[in-house]
Amino acid sequence: MSDDVQARIDTLVKSNPFVLFMKGRRDAPQCGFSARVVDVLDEYLPEYETVDVLSDPGIRQGIKDYASWPTIPQLYVHGEFVGGCDIVLEMNENGELEEVLGVERAKATVPEIFLSEAAVAKLVEFNEGEKPAVIRLDVAPGWQYGMDFDEERPKDVKVEGDGWVVLMKRSVARKVDGLNIDFVQGPQGGGFKIDNPNEPPKVKALQPQDLKTWIDEGKSFELFDVRTPEERAQAHIEGARLLDDAAIAYLEALDRDQTIAFHCHHGMRSLRAAQRALEMGFTDVHNVVGGIDAWSQTVDPSVPRY
């Protein structure tokens with residue numbers, strides 16, 4: 001580990017009372033182990049520092065050397081290394097974590113959850129007509145939702161309504177205040193639809209025709225081309241910036257509320273770039289569906305296909 005990396009880590013550890021080196025951000029963990037530790041810390045600490053090791057390869061390796069600990073996440077409290085995921089979870093279960101952090105565990109919060117009449121009717125139907133329909137709600141680190149019939153457990157948070165009961169863990173309860181569950185019909189049949197106002201921003205799909213409308217209407221946005229210079233020489237969308245070193249610096253300096261969009265040849269490389277922009281803190285991020293190839297076919301046939 002270089003002296004520079006060691007000094008940076010040492011400053012982070014000693015200048016913040018609580019520091020978690022993790023994969024991703026507190027509001028968007030990028031691995032299950034990091035997500036589990038965040039879930040635990042959120043029950044104790046309203047504020048703590050997180051360091052995304054995925055955005056800095058030097059820190060990612062350096063923090064392993066710093067503590068002689070081979071895995072991530074790593075938790076530091078008042079300059080001292082506490083441990084990784086397994087240790088933090090174990091300390092939380094046996095009551096030691098409250099003493100180490102020096103704060104009491106927050107009381108479990110009971111969120112507001114709303115079920116439409118259609119959702120309740122379908123749950124009761126699936127429950128063979130029995131009321132209330134008791135379901136367990138789960139939210140995975142990537143904000144994927146799971147629902148299944150279950151029985152109440154000792155530490156569950158429970159929300160009740162007319163004909164239904166929703167059970168969940170404490171960590172889930174913090175993420176779902178204001179959540180709506182509906183049952184809707186679509187081309188492939190019916191299904192439950194969940195709207196959660198607590199979800200972090202996601203990459204939005206931008207159709208080429210909508211991109212053309214943005215351009216024609218003079219919408220304020222930045223468009224980045226993530227292809228190679230050789231590809232760009234063959235075909236390009238007017239106004240798009242090639243994502244070279246200069247464009248990366250320009251992107252990093254933008255206000256995080258600025259609307260930004262990415263395109264490539266078919267839409268896969270640009271999707272990865274858009275996801276990295278979310279990790280940088282941008283909140284209005286779009287990916288051009290089908291890339292410049294779709295643009296050529298549906299908007300501007302003068303742009304060569306390759």
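Table: residues versus (1) surrounded by 15 or more Cβ atoms within 10 Å (Cβ to Cβ); (2) of a type outside the set (D, E, K, R).
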{"residue": "K14", "(1), (2)": "no, no"}
{"residue": "L41", "(1), (2)": "yes, yes"}
{"residue": "V53", "(1), (2)": "yes, yes"}
{"residue": "G84", "(1), (2)": "yes, yes"}
{"residue": "E90", "(1), (2)": "no, no"}
{"residue": "E99", "(1), (2)": "no, no"}
{"residue": "G102", "(1), (2)": "no, yes"}
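Of all residues in region 187-211, those that are closer than 25 Å to R272 by Cα and free of Cβ contacts under 8 Å to residues at least 60 places away in the same chain have Cβ atoms under 8 Å from Cβ atoms of residues that are part of a loop (DSSP other than H, G, I, E, B) and among the hydrophobic types (A, V, I, L, M, F, W, C), 6 or more apart or on another chain, in N196/W143; N196/V176; N198/V176; E199/W143. Contact annotation: residue pairs with Cβ atoms under 9 Å, 6 or more positions apart or on different chains, pairing a residue in region 130-156 that is small (G, A, S) and surrounded by fewer than 16 Cβ atoms within 10 Å (Cβ to Cβ) with a partner that is in a strand (DSSP E or B) and at pLDDT 90 or above, are A140/G146; G146/R136; G146/L137; G146/D138; G146/V139. May I ask you to list the residues in region 281-296 that are free of Cβ contacts under 8 Å to residues at least 40 places away in the same chain and touching a helix residue (DSSP H, G or I) at 6+ places or on another chain (Cβ under 9 Å)? Correct list: G291 only.
Let's see how each residue does on (1) within 17 Å of L206 (Cα to Cα); (2) at pLDDT 95 or above; (3) out of contact with any Ser or Thr (no Cβ under 9 Å at 6 or more places or on another chain); (4) assigned by TED's automatic domain parsing to the domain that holds G290:
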{"residue": "A247", "(1), (2), (3), (4)": "no, yes, yes, yes"}
{"residue": "Y250", "(1), (2), (3), (4)": "no, yes, yes, yes"}
{"residue": "H266", "(1), (2), (3), (4)": "yes, yes, yes, yes"}
{"residue": "L278", "(1), (2), (3), (4)": "yes, no, yes, yes"}
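Screening V124, V120, V77 for residues that are surrounded by 14 or more Cβ atoms within 10 Å (Cβ to Cβ), modelled with pLDDT of 95 or more and assigned by TED's automatic domain parsing to the domain that holds M22 leaves exactly one candidate, V77. Within the span defined as region 92-109, every residue fails to be in a strand (DSSP E or B), in contact (Cβ under 8 Å) with a residue 12 or more places away in the chain and closer than 27 Å to L179 by Cα.
Look at E47 and say whether it is outside the structural domain of V157 (by TED's automatic domain parsing), more than 26 Å from P201 (Cβ to Cβ), surrounded by fewer than 18 Cβ atoms within 10 Å (Cβ to Cβ) and at pLDDT below 95.
Considered against the rule, which asks whether it is outside the structural domain of V157 (by TED's automatic domain parsing), more than 26 Å from P201 (Cβ to Cβ), surrounded by fewer than 18 Cβ atoms within 10 Å (Cβ to Cβ) and at pLDDT below 95, E47 comes out as no.
The residue pairs whose first member lies in region 3-32 and is over 22 Å from L101 (Cβ atoms), whose second member is among the aromatic types (F, W, Y), and whose beta carbons are closer than 7 Å, counting only pairs six or more residues apart or on different chains, are Q6/Y66.
Of the strands (runs of 3 or more DSSP E) lying entirely inside region 135-239, those carrying at least 3 residues that are under 24 Å from the mean Cα position of the chain (by Cα) are 145-149, 164-168, 179-186, 189-195, 204-206, 222-225.
Quick check on region 53-83: of everything there that is in a loop (DSSP other than H, G, I, E, B) and over 23 Å from the mean Cα position of the chain (by Cα), which residue is nearest to Q30 (Cα to Cα)? Once the filter is applied, the top-ranked residue is P70.
The values are calculated or read from the model by the stated rules, or taken from the named source; none is laboratory data. No experiment lies behind these values; they were computed from the predicted model shown. Neighbour counts run over all protein chains shown; Cβ positions are idealised from the backbone, glycine included.
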